[in-house]
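Reading through the structure tokens given below for one structure.
The values are calculated or read from the model by the stated rules, or taken from the named source; none is laboratory data. Bear in mind that the values here come from a model prediction, so they are computed numbers and not experimental data. Cβ sites come from the backbone with ideal geometry, for glycine too, and all protein chains shown count toward neighbours. The area values use the complete protein model at the heavy-atom level, side chains included, leaving out ligands, DNA and RNA. Shrake-Rupley method; radii C 1.70, N 1.55, O 1.52, S 1.80 Å.
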Amino acid sequence: VAPLANLLPATQALNSACHFGSEVRFGELSIDAAALATGTWTLTWEYWNGAWVSLTDVTDGTAGFRTAGEQTVDFSIPDDWATTTINSQGPFYYIRARISAFTSSGVQPTAAFIRVHQDGLIELTVSTAKMISSTLTNMGSVRVRGGAFLKKSSISGSIAPAKHAAV
């Protein structure tokens with residue numbers, strides 16, 4: 001997601017929502033808040049199975065987009081999760097953070113970045129990250145950035161973009 005992505009509308013209201021989607025099912029999301037929410041409302045985390053249904057076992061480290069720094073939202077991956085298309089994006093597995101109780105609007109929460117953690121994703125992003133002597137087969141993707149490197153590694157059946165790093 002581009003820097004300073006809006007997480008909710010400038011004027012929040014009941015049922016305002018932010019959607020997060022991926023081509024593969026996921027059970028964790030990282031959000032680094034750039035501007036913290038100040039409105040008085042409650043978020044409910046939901047997924048799509050033909051209708052919006054509450055996620056189970058949700059741990060919202062963002063505290064409703066009110067906690068600074070990189071925070072995670074994790075949840076149990078639903079068995080009946082279905083793909084859909086939202087705003088011409090998809091078909092993806094979507095979750096959403098929806099305002100389910102509302103008292104007042106406040107500062108519009110924004111994110112510096114959002115990352116969906118997927119099964120089969122390995123991401124090395126800093127110069128101290130190293131993966132030595134590994135075999136990766138049929139991974140969703142392997143990303144190597146920021147000076148991280150793979151050494152004596154074999155990658156097959158994967159997408160392996162490299163940006164500012166040696167592979």
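Each Lys and Arg contributes +1 and each Asp and Glu -1, all at the Cβ; summed about the Cα centre of region 38-87, the dipole is approximately 240 debye.
At 1.4 Å probe size, what's the solvent-accessible area of THR72? Round to the nearest 10 Å². Roll a 1.4 Å probe over it and THR72 shows about 50 Å². Over all directions, the projected convex hull of the C-alpha atoms in region 8-62 averages 4.8 nm² in area. Across TYR47, TYR93, the residue with the most accessible area heads the list, and the full order at a 1.4 Å probe is TYR93, TYR47. Taking Cα centre as origin and charging only the Cβ of basic (Lys, Arg, +1) and acidic (Asp, Glu, -1) residues, the dipole magnitude of region 1-119 rounds to 440 debye.
Put simply, region 1-96 fits an ellipsoid with semi-axes of 21, 15, 14 Å; these come from the alpha carbon gyration tensor as the roots of five times its eigenvalues, largest first.
Annotation: LEU14 carries an accessible surface of approximately 100 Å², with a 1.4 Å probe and no ligand, DNA or RNA atoms counted. To the nearest 0.05, what FRET efficiency results for HIS117 and SER88 with a Förster distance of 22 Å applied to their C-beta separation? Rounded to the nearest 0.05, the efficiency is 0.35. The listed residues ARG96, ARG66 rank as ARG66, ARG96 when sorted by accessible area, largest first, using a 1.4 Å probe. Close amide-amide hydrogen proximity is noted between SER16 and ILE99, each under 5 Å apart and 5 or more residues distant or on a separate chain (H modeled in the peptide plane; Pro and chain starts excluded).
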